[in-house]
Amino acid sequence: MRFLVATALFLSAVAKPALADDKLPPDIAAAVASLNQHFQSEWSAKSLKPAGPVNDAGYLRRIYLDLTGTLPPPERIHKFLNSEDQNKRTEAVDSLLASSDYATRWANYWDAVLMGRVTESAILDRGGFKTWLHEQWASNSPWDKIVAELLTAEGWNTNRQPGNSNGHPPNQAERYAPAVNWFLKHWQSLPELSSSTSKTFLGVQLQCAQCHDHKTEKWTQEDYRQFTAFFVKTWPTYFDKALVVGTPRVEVTEHFFVPPITARNEKYLASYKDYVKSTPKLLSGEAVSTWGSRRQELARWVTAKDNLYFAKAFVNRLWAVLLGRGFVEPIDDFRPTNPAILPEALDLLAADFAEHDFDIHRLIRIVCASRPYQLAAQARSASEGSEHLAHDLWSSYPIKQLEVEVLLQVVLDATGAAETLNRLSNKNLELVRSAFARQFVTQISNDDSSETANVDETIPRALLMLNGPLFCGTSRVVSGLSLENTLSDAATDRERIQRLYELTLSRQPRQAESDRWVAIVSAENELVSTPGASSDIKFSGLAALVPSAQIAAAPPDADFSELLKHAKTGVDFKLLYSRMKNNADAGQYVRALREFAAEAPFRALMEQGAARTAKDQAFEDLHWALLNCTEFLTNH
Amino acid sequence: MKHMSHCPGPSPLVPRRAVLATGLGGVLCSSIASWQLRAAAQDANTAKARRGKACILLWMNGGPSHIDTFDPKPGTKTGGEFKAIDTRIKGAQFAEHLPRLADQADKLAVIRSMTTKEGNHDRAGYLMHTGYAPSTTLQHPSLGAWVSHELGNAAAELPNFVSVRGASVGAGFLGVQHGPFSIQKPSEGVRNLPLAKDVDRARFERRLSALAALQDDFRQQTGRQEIAAHDIVYQKAVRLMQSPLAKAFEIKHEPQAVQQSYGDSDFGRGCLMARRLVESGVKFIEVTLDGWDTHVDNFSGVRNLCRDLDPGMSALLGDLAERELLDDTLVICMGEFGRTPAINTASGRDHYPAAWSAVLAGGGTRGGVMHGSTDGEGGKVAANPVTVPDLFATIATLLGIDPTREEMSPVGRPIAISDSGRRIKELINGA
């Protein structure tokens, strides 16, 4: 035993120089080195032996999932494993940061944090907001700029014109400001604006002070009221009247005065009433000039380099996403009575982030090159006498659940189903994605929070994966899917197995694993074939051509919600689209279409093609099992 | 990570391989399966004796017009076009499209004096599900999660909280094990429960053993114990696939006449499923009827919705009473708010939290009661205003849950099912 421990120590000592930080610019390398040094001394002080370094295949999979929410294609894995370049890890991070998938993944993440996956409100242009987020991450906008825009944006919520509407606001194009959608999500409850600001951007929970003064914490009810007063001169005005179909045009403006609350607008401005008389005051206690824009004063203070909370909150969140747990947990609850674990490491990263103008790429480069991020996901061995520690101080890499958008993407990557689903959904894969995410969080996992790294699994989720069309459909031998290509392209079973491992687990099978599957796919079994699908509804995907009888024959004045009950194919939905008369119809329509889009294309896959031999079915079973296993379903 | 405490996970005394074989691949092996079937059947027989209280929430999503349902104002400026009809309660009337409920009014306690402050769907929906206004610090548990937590059986094969046709509010800080198990289409039963196309039991078993081998590989590679959580949930899912109790989700086993009495609608089928689930020991079922957000064409909208509500709810109450389940089953019918007395230019009514109606029945509710009232136009509470904390304290009391008992939330603030409300004695039998 002692010999084994000694060997392990020796190995980790040897492995250290292999960490590729050679190509890092010197100042990044310096930041990484001091971070590593800090971790090393904390581990030594607590007698924690860090896990060994993650191997190349493991590192590549990790950065693909974390930075882009995708899996590395097998060709990329080969190239990476065969490269002798000392700097290949650094280069891989850099090329991912420059990819469009990077912007997509973080736009998804921030859209869920800022707007919620299930938020519905007629006045929000969710698509416009997400496009704006994508642009911010694609151009590596500094974090202070992004937040300042969210806090101060003025203008129109959308650049589109809803159906049944008359005319255009003259300045809709030049005053289009998609970031106002964040304001519009919260404006009916003014305290939500101030509490989201402090929680999301500063990691500080003010809400308790909304109702009562807390004995031990710093802020009082009056502080809260005064902080909320920063938003009170800003409110929206509607251009479109009721009865339009789609997002009505709404303009957010910051005025020079507080709103006059009248009997007519009281319903909308009810939550402003408590704050119109308050003088704005920052959480730091400073009063601000009452002449200029209140929100700009607020943004200046929130995003200032000397506002320690601002940099720390972002760093803590990013660390939690990349390394499973924040220094402070919950990640947005900084307070004296909830201290950080390893506060110096958090300070070090936050100071670097602020000093370098909130450059998100730089922060990610540092974290991805750091020792904790480059460790293997191995459990501490039980023989080290350190079991009493509740926290392993990141001395091994965690096993992280995937966010729902990432989960769907990696299933598409591993099965090659994106193109087929795009065809089946009439080139509407984006709708399928958002519908799936929404259904998943509301009905499968019952959890709308995007921030928890360890989401509990549920029985409906397990049933979906065991029997549902998501896995059973995408792992079939259907033309165009990866499995079919794998079976036809590779010459031997061993090669096929290797290919399936690369597609799903992003690594090559070990000898014993390969041997086992070769034996299993060669076992003699009967070909299994069951007649039809279990449901009597024939799903034909969104691209079906023939409408349902009830819809085709419906009179022009037929009740819309009744008709919607009969919508079973894509063409039904197309026909019904033109029958919507107002936003109440549109709301029902969107709900029904989403329900349909989340399932129908996958079900259509399940009904297409089929394995023709028992051996093909054995490969389907292997592919299915690979999709269901923890090694595939997590980032580790 | 939250763990289901009744599941011990793999024992360190048993070789890993063996545990896994039983955990996934072996779970379908015939001897275990038939043993489980027997145990489950016995469970079902004894369930009736120790069932205890249960609750069904009929959720009227969108906010129903109180004036056009349970608090009619015929002949007034704001009364709208519906007539009022007599009910089994002397002097109390319902709007004309609820005839079967009017005939069962002796079972109902109608609160005509609900008054709240939230007029936005999301916020009010959260308020009426949890008893608290939304907060960005804290996810409050919904009523169903509280009931699962207080009355549920953690080891039951069926979930303790089922939500039919709609996204309910989740379990908040009580943890996902108390969250709703969602049924999307009552006619389909539990989604993804049957084996997939071209998969029979033998093939499913082969799939599970392949999966068990992969889990084992990863466990050996990493030595991480948390991998077991995945296996435990899969094991429970497979158990549900095999459980005879899962038949409770299949309304096709009901006689045609019974199915018809609930009405030909997904809401009606949901009510029927709710009755079957209560019989099988499920503690809380929420059934959603969506579409009450009648800003436009309120009257045709409400007429259509009542066509679903009236048969569904009245058949449910009748059935529960006939089976002697009504005394132990609290039925609640409400939405997130009422609608304006004023009728807008699109013949619609808008959101109105200041005065509206909610209905309770069964579970020890005093039947045949009209509690509180609104003024002549249905715009203000005229007598006995009922707040959300009072309503939740009353519901908790009826279910035998102490409304003042607190659970500690993660932010260190203790939270009770009712936010310091007081039960309403007039609504409780024998109180």
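Okay, here's what the table says:
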read-out	value
Of A:565/B:77; A:130/A:199; A:581/B:77, pairs whose Cα-Cα distance is over 24 Å	A:565/B:77; A:581/B:77
Inter-site label distance for residue B:77 and residue A:340 at 7 Å from Cα along Cβ, in nm	6.2 nm
Among B:282-289, B:205-212, the order from most to least packed when residues are scored by Cβ within 10 Å on average	B:282-289, B:205-212
Packing-based order for A:224-236, A:119-131, using average beta carbon neighbours within 10 Å, highest first	A:224-236, A:119-131
FRET efficiency, residue B:264 to residue A:557 (Cβ-Cβ, R0 25 Å, nearest 0.05)	0.70
The stretch B:249-292-the stretch A:550-579 distance, computed between alpha-carbon centres (Å)	26 Å
Fraction of beta bridges assigned by DSSP in the protein assembly as shown that are antiparallel (%, nearest 5)	55 percent
Over the protein assembly as shown: helical MRE at 222 nm, DSSP H runs n ≥ 4 each giving -39500 (n - 2.57), nearest 500	-13000 deg cm²/dmol
Residue exposure sequence - B:182, A:34 - by fewest surrounding Cβ within 10 Å	A:34, B:182
Separation in nanometres of the label points that stand 7 Å from Cα toward Cβ, at residue A:40 and residue A:296	4.9 nm
Full-stretch length increase - residue A:100, residue A:525 - with 0.36 nm per residue and alpha-carbon distance subtracted	148.5 nm
For the stretch A:252-310 versus the stretch B:92-140, the gap between their alpha-carbon centres in whole angstrom	35 Å
Rounded FRET efficiency, nearest 0.05, which uses the C-beta distance separating residue B:90 from residue B:404 and R0 of 35 Å	0.45
Inter-chain shielding of A:466-472 (mean C-beta neighbours from other protein chains, 10 Å cut-off)	6
Averaged over B:236-246, number of beta-carbon atoms from partner chains that fall within 10 Å	3
Test item: A:626-633 mean partner chain Cβ contacts at 10 Å	6
Longest to shortest principal axis, alpha-carbon extents of chain A, angstrom	79, 75, 41
Set A:49/A:88; B:83/B:380; A:277/A:305; A:241/A:574; A:241/A:267 screened for pairs whose C-alpha atoms are more than 24 Å apart	A:49/A:88; A:277/A:305; A:241/A:574
Rounded FRET efficiency, nearest 0.05, which uses the C-beta distance separating residue A:81 from residue A:489 and R0 of 25 Å	0.80
Sequence ranges A:505-515, A:307-317, ranked by mean other-Cβ count within 10 angstrom, highest first	A:307-317, A:505-515
Extension gain (nm, one decimal) between residue A:516 and residue A:284, 0.36 nm per residue minus Cα-Cα	77.1 nm
Residues with amide H under 5 Å from that of residue A:376, placed H, sequence gap 5 or more	A:52, A:54, A:397
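A short reminder: the numbers here are calculations on the coordinates, not readings from a lab. The shown structure was predicted, so the numbers you read here are calculated from the model rather than taken from an experiment. Cβ coordinates were reconstructed from backbone atoms using ideal geometry, including for glycine residues, and neighbour counts include every protein chain displayed.
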